[in-house]
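What follows is one structure encoded as structure tokens, with my remarks underneath.
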Amino acid sequence: MRRRVVVALTLVIALVAAAVPAGIYWQHKRERDAQQAAATSFARAWRTGTLKSLLYAGQDAATVATKTQAITASLTSAATDVPRSVTVTSVTKAGDVVAAHLAVSWRVAGIRDWSYTTDVPLRKAGGAWRPVWSEQVLHPKLQTGQVLRVTRDPAARGEIIGADDQILVTERPVVVVGLQPSRAKGDITGAAERIAALVGVDATSLAQRAKAAAPDGFVEAITLRQEAYQAVRDQLQPIPGAVFHEEQRALAPTATFARALLGTVGPATADVVKSSGGRVRAGDVTGISGVQRTYDAWLSGTPGLTVRAVTPSGASAAATTLLSVAPVPGKPLHLTLDRDAQEAAEAALESATKPAALVAIRASTGGVLAVANGGPNASGYNRALLGQYPPGSTFKVVSTLALLQDGVTTSTPIDCPSTITISGKTFKNAESEVLGTVPFRTDFADSCNTAFVGSSRRITAQQLSDAARDLGYGRAAQALGVQAFNGTVPTTSEPVAHAAAMIGQGTVLSSPLVVASTSAAVAAGQWNPPRLVLDGQPGAQNSSGAPSTTATATATEAATAGGTTPSASAQSTAQSTNASGAASPTPLPPDAVAALRELMRAVVTSGTASALRSEPGDPIYGKTGTAEYGSADPPRTHAWFTGWQGDIAFAVVVEDGGFGAEAAAPLAANFLARL
């Protein structure tokens, strides 16, 4: 009996001894799980900006959230700064200290990744494990009272390089003219008015901004090239409050050189900052418009940056550098633009008294040599690429290609009456011209509207549309690399609309780029896709990886006449690429090309552009155009001239200019003479 009792007692003791370690194990596991959960909750709350939702050991949640945001506010451009990721790598215990080890990653200033490790202590309070917050949790090298401060070091901006490796845009010296309120001797309004009168800015706006600024702040008035600053330097410097900063800016050779195309560089606007996705910050010098904005990421490179732990005053003695990355220079952007051709085009348009534009293309390659805008509002709106105009009689090049392919020859007799009626709609010739029944070459050379309207019965709307496409309509901007209007041609078989389309009226629309493209195609014997940007990556790319026309900045100012401002629907057309993919050369029928060349030469030798027949150099081929628009009676007209000389094809438009032979052709002659 005694033996049985002893055995039983021994068994009980053994079972109790085994149960004690198991209980301790499960208790420790529950503690470890609770610690892991507390650490994970902190990591998630930091990552999602919800630190205020947690309970802390010894700290108020609102205070923790406020201090964290103040310390990290410089790291990103977001309204609430949070890390890209926070991961709990382990939880350890050393003596009485429990700590969660965190891997933290930031996307600093939207341009650089920064990763490091840190610890968050955990303490049991109120029966639960809770984080213990301090500055060192955010970064182990932060001292009490310090914040993280990011400074950016701008990268050298890439140059814009044109044909034959000509440097078109590079860093050039400028002077930023501004107003410092504390130096204005109590008369901010007077100082603003004197500065504004000299540099041509709005005095009221400058004064208002200066009054709202800090006393020692710098309120920018204007950025001037060195030569422009020197011209007013002696008048500006004595003005109380006028201050000057010397800088370098990416500039073209002159203030007007291809300005509407190339755009400008300057302090980032709110719109640029918003659309950059965090890449550009307020105060950055960046592309504001044109090519400079479209290809800003390519040209601007990647800024360098430094992250320091500093006292709130920024005292350098207390600063500790935590991250330092050197800037990566921007890449050069190569264009086909030719400096000599661009300057010749701009000089030719100086005499324009109404808004005008000129596009020049190297016919053999499709390289765009000049994109010029002249007349009033010359630099604000890029009508050379974006303008939408009825092409008028320049479209007869397209109509003629369709007619030639349908069997018409240069000697085919076609009647040219004063008027012709199609389905109740009467069409007439300029100045009531009557040629009678004459060879087609005469109809073309003298630009007889009624001959072409009457010939609308010979071809279908689809044939006309196909000919237009072969000459570039609907796809001229495919390989360009910047935004441009591609042109539109209706395919309706309605007789009046079809007849109007034959003479570039009705709903046919074009841009100077497209019209120049048609002449380049005839000159080369094939349509070569116009090219402007040879490399670089805009804000978006198409599926082929080539620069997409969707990524460009829209026009900043409206055209001044004739409904030439892109509408919402037309913007969509201008920004679209053809569904068939990348543009490729389109050979034209040799016989039709030979006939078109003969006809376009006759326009100059004996037709509407005969004033150019004595111009020196290679033979000039051309087509005048007078395009009606609006509802006035008699209709107002845009003036066109297109053609080529040697390997240079071109198109000129003058808004509300009247007759093409009188307003546009002389500008083209001036351009060719300067070349």
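The values are calculated or read from the model by the stated rules, or taken from the named source; none is laboratory data. Everything numeric in this text was worked out from a predicted model, so none of it was measured. We place every Cβ from the backbone using ideal geometry, glycine too, and count neighbours over all the protein chains shown.
Is it the case that the stretch 630-639 has a residue that's touching a helix residue (DSSP H, G or I) at 6+ places or on another chain (Cβ under 8 Å), surrounded by fewer than 19 Cβ atoms within 10 Å (Cβ to Cβ) and not assigned by TED's automatic domain parsing to the domain that holds A384? Scanning the stretch 630-639, I find no residue that is touching a helix residue (DSSP H, G or I) at 6+ places or on another chain (Cβ under 8 Å), surrounded by fewer than 19 Cβ atoms within 10 Å (Cβ to Cβ) and not assigned by TED's automatic domain parsing to the domain that holds A384, so the answer is no.
Considering each of P181, P173 in turn, give the residue that is touching a Lys or Arg at 6+ places or on another chain (Cβ under 9 Å), of a type outside the set (A, V, I, L, M, F, W, C), crowded, with 20+ Cβ neighbours inside 10 Å and in the same structural domain as V307 (by TED's automatic domain parsing).
Numbers: P173 fails: crowded, with 20+ Cβ neighbours inside 10 Å.
Matching residue, one of P181, P173: P181.
Taking the criterion of being closer than 18 Å to A38 by Cα, among the small types (G, A, S) and surrounded by 14 or more Cβ atoms within 10 Å (Cβ to Cβ), the residues of the stretch 86-114 that qualify are A99, A100, A103.
Go through the residues of the stretch 427-442 one by one and say whether even a single one is modelled with pLDDT of 95 or more and either buried (at least 24 other Cβ atoms within 10 Å of the Cβ) or not assigned by TED's automatic domain parsing to the domain that holds P512 (or both). Yes: one or more hits.
Suppose we filter the stretch 449-484 for residues that are over 21 Å from L588 (Cβ atoms), touching a residue at least 12 places away in the same chain (Cβ under 8 Å) and out of contact with any helix residue (DSSP H, G or I) (no Cβ under 8 Å at 6 or more places or on another chain); how many remain? Can you show your working first?
Of the residues in the stretch 449-484, the ones over 21 Å from L588 (Cβ atoms) are 449-451, 453-454, 456-457, 481-484.
Now drop any that are not touching a residue at least 12 places away in the same chain (Cβ under 8 Å), which leaves 449-451, 453-454, 456, 481-484.
Adding the requirement that they be out of contact with any helix residue (DSSP H, G or I) (no Cβ under 8 Å at 6 or more places or on another chain) leaves 450, 454.
Number of matching residues: 2.
Any residue in the stretch 510-523 that is closer than 30 Å to A297 by Cβ, aliphatic (A, V, I, L, M), in contact with a Ser or Thr (Cβ under 9 Å, 6 or more places away or on another chain) and not in a helix (DSSP H, G or I)? Scanning the stretch 510-523, I find no residue that is closer than 30 Å to A297 by Cβ, aliphatic (A, V, I, L, M), in contact with a Ser or Thr (Cβ under 9 Å, 6 or more places away or on another chain) and not in a helix (DSSP H, G or I), so the answer is no. For the stretch 227-266, residues that are of a type outside the set (G, A, S), in contact (Cβ under 8 Å) with a residue 24 or more places away in the chain and either in a strand (DSSP E or B) or surrounded by fewer than 14 Cβ atoms within 10 Å (Cβ to Cβ) (or both) total 9.
Inspect all residues belonging to the stretch 199-214 and state whether any of them is of a type in the set (D, E, K, R) and out of contact with any helix residue (DSSP H, G or I) (no Cβ under 9 Å at 6 or more places or on another chain). Spell out how you get there, then give the answer.
Looking only at the stretch 199-214, we keep the residues that are of a type in the set (D, E, K, R), and these are 202, 209, 211.
When the remaining residues are screened for being out of contact with any helix residue (DSSP H, G or I) (no Cβ under 9 Å at 6 or more places or on another chain), the result is none.
No; the residues of the stretch 199-214 include none that is of a type in the set (D, E, K, R) and out of contact with any helix residue (DSSP H, G or I) (no Cβ under 9 Å at 6 or more places or on another chain).
Residue count for the stretch 479-496 under the criterion of being surrounded by fewer than 24 Cβ atoms within 10 Å (Cβ to Cβ), in contact with a Lys or Arg (Cβ under 9 Å, 6 or more places away or on another chain) and of a type in the set (S, T, N, Q): the result is 0.
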